[in-house]
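Visitor: Just passing along the structure, written as structure tokens.
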Amino acid sequence: MAVEDSVLLSQMSAIADRFGEVEKSVADPSLMGDPQAYAGLMREYRRLQPVVDHFRHWQAVLSGWKEAEALKSSEDPEMAAMAGEEAAALIPVLAKCAEEAQILLLPRDDADERAVMLEIRAGTGGDEAALFAGDLYRMYARYAENQGWRFSLIDAHEGTVGGYKEIIARMDGEGVFGVMKFESGVHRVQRVPTTESQGRVHTSAATVAVLPVAEEVDVDLDMKDVRRDTFRASGAGGQHVNKTESAVRLTHLPTGIVVECQDGRSQHANFDRALEVLRSRMFEQLRAARQQKEAATRKTLVSTGDRSAKIRTYNFPQGRVTDHRIGLTLHALPAVLGGDLNPISDALRQAEQAELLRNTFSS
């Protein structure tokens, strides 16, 4: 590898120029009157800043190497020797800078910085599947707490013996979707159910869908296409249950998407939450259609978005968790269910980066 990679440096220089434009824009007082435009620019600012910081660091190291190279021809033998040692020491640093620049310049999902709608549904396995869905919900709640994210319940339909038939939550924080998107798919559990009298191991499953939260500008939603129904909430959950018609059901007639919400304190709160989920599901449909087109030229390993794909198995008898996409097995089931998902999410992110590097810089 050349000491000075002009192509990468040129790309980063262009990003630094754009960063300067964004920096001026977010400081413009007139932008405060347009919250959506301001939010969009701030997302771009946060996305570009690490690239620019690295570019400036790389430039500083490169400048130091060039100065040392120039001093190697000094008439002072001691100075020339010191300069030669310094220049040689900086070469691996420059190589590392180039490697890190490649990762920073990889194609990014524009949704990575968004908040998340997390939907968990019991699959095959009856009551045991609902119990497992509850285990997954608690796992993600603890993970969010460990990450310093905000985790809030949107809607829940409880199982007959515990757990959940379906549960929806929102996760807010820096880069949430970029981390959580790897969780979409079928999660399988192997264990002896509490209802099993013979002690036999059963296999059950739950489906996890991770959707980036959509803003009003992301989808063309005509409220004339949305049917709104109200009904009495059911199940555990507060003073309004079975007393007032506070629960809300929204049906998007063109697509058939149905969203229910009953855990809010009022019909108005439930409507706002249901509308947010509806927008997010519509936005995800648009994203899925676009990704399907891109898949014809570039197939991703770990974030296909295929919710029917079995991605992970939680084996209780052996105390292990296996992620099937990358062949990762951890003998740390209690820790993972307790919210320690970083070893898995880090490995998945590294696998995706390695694949993108092969596809982007292999030519």
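Visitor: Going by C-beta contacts inside 10 Å, put Cys261, Cys97 in order with the fewest on the left. Display every interim value, and only then the final one.
Guide: On the way: Cys261 26, Cys97 22.
Exposure proxy ranking, most exposed first: Cys97, Cys261.
Visitor: Given a Förster distance of 41 Å, report the FRET efficiency between Ile91 and Asp225 from their Cβ-Cβ distance, rounded to the nearest 0.05. Could the numbers behind the result be given before it?
Guide: Working: r = 61 Å, r/R0 = 1.50.
Approximately 0.10, to the nearest 0.05.
Visitor: In nm, to one decimal, how far is the modelled label at Asp28 from the one at Thr160, with both set 7 Å along Cα→Cβ?
Guide: In this crude spin-label approximation the distance works out to 6.1 nm.
Visitor: Taking H placed 1.01 Å from N in the peptide plane, check which residues at least 5 places from Lys165 or on another chain put their amide H under 5 Å from its amide H.
Guide: His157, Glu158, Gly159
Visitor: Can you pull out the GluC sites (Glu not before Pro) in region 144-213 that DSSP calls coil and that have at most 15 other Cβ atoms within 10 Å?
Guide: Glu174, Glu196
Visitor: Using alpha-carbon pairs under 8 Å, 6+ residues apart, how would you state the relative contact order of region 6-104 in percent?
Guide: Numbers: 67 pairs, mean separation 27.7, N = 99.
Contact order relative to length: 28 percent.
Visitor: Still on this structure, I have one more. Residues of region 136-150 with amide nitrogen under 14 Å from the 7 Å Cα-to-Cβ point of Gln190?
Guide: Backbone N within reach: none found.
Visitor: Which whole-number percent is the relative contact order of the chain (Cα, under 8 Å, 6+ apart)?
Guide: Relative contact order for the chain comes out at 14 percent.
Visitor: Give me the angle, in degrees from 0 to 90, between the Cα long axis of helix 342-361 and the longest principal axis of the Cα atoms of the chain, rounded to the nearest 10.
Guide: Once rounded, the angle reads 50 degrees.
Visitor: In the P(r) worked out for region 6-104, what percent of Cα pairs fall beyond 16 Å? Don't skip to the end; give the middle numbers.
Guide: Details: 3103 of 4851 pairs.
Above the 16 Å cut-off, region 6-104 has 64 percent of its Cα pairs.
Visitor: Using the alpha-carbon atoms, what tilt in degrees (0 to 90, nearest 10) does helix 35-71 show relative to the longest principal axis of the chain?
Guide: Taking the Cα atoms of the chain, the angle to 35-71 is about 30 degrees.
Visitor: Largest first and to the nearest Å, give the Cα extent of region 60-176 along each principal axis.
Guide: 86, 24, 23
Visitor: When the chain is fully extended, how far beyond the present Cα-Cα distance does Val201 get from Asp340, taking 0.36 nm per residue of separation?
Guide: Numbers: separation 139, 0.36 × 139 = 50.04 nm, distance 2.48 nm.
Difference between extended and current length: 47.6 nm.
Visitor: Which log10 I(q)/I(0) values, to two decimals, does region 317-363 give at q = 0.15, 0.22, 0.23, 0.29 Å⁻¹ under the Debye formula with one point per Cα?
Guide: Per q value, in the given order, log10 I(q)/I(0) is -0.46, -0.76, -0.80, -1.05.
Visitor: So, with +1 on the Cβ of K and R and -1 on the Cβ of D and E, and no other charges, what is the size of the charge dipole of the chain about its Cα centre, to the nearest 20 debye?
Guide: 1820 debye
Visitor: Taking other Cβ within 10 Å of each residue's Cβ, how do Met223, Met282 sort, fewest first? Can you show the working numbers first?
Guide: Working: Met223 8, Met282 20.
Arranged by neighbour count, lowest to highest, Met223, Met282 become Met223, Met282.
Visitor: Cut-off is 10 Å between beta-carbons; in what order do His252, His202 appear when sorted fewest neighbours first? Don't skip to the end; give the middle numbers.
Guide: Numbers: His252 19, His202 15.
If I rank by nearby Cβ atoms, fewest first, I get His202, His252.
Visitor: Along the Cα→Cβ direction, 7 angstrom out, place labels at Glu67 and Asn359. What is the inter-label distance in nm?
Guide: Rounded to a tenth, the inter-label distance reads 4.2 nm.
Visitor: Do me a favour and compute the ellipsoid semi-axes for the chain from its Cα gyration tensor, root of five times each eigenvalue, largest one first, whole Å. Before the final figure, lay out each step's value.
Guide: Values: eigenvalues 437, 155, 57 Å².
Those come to 47, 28, 17 Å.
Visitor: If you don't mind, there's one more thing I want to ask. Given DSSP loops and a limit of at most 10 other Cβ atoms within 10 Å, what is the longest stretch of the chain that contains no such trypsin sites (Lys or Arg not before Pro)?
Guide: Values: sites that count: Arg200, Lys243, Lys299.
The reported range is 1-199.
Each value in this text was obtained by applying a stated rule to the coordinates, not by laboratory testing. In this text the structure is predicted, and so the values were computed from the model without any measurement. Heads up, the Cβs are rebuilt from the backbone with ideal geometry, glycines too, and the neighbour counts pull from every protein chain shown.
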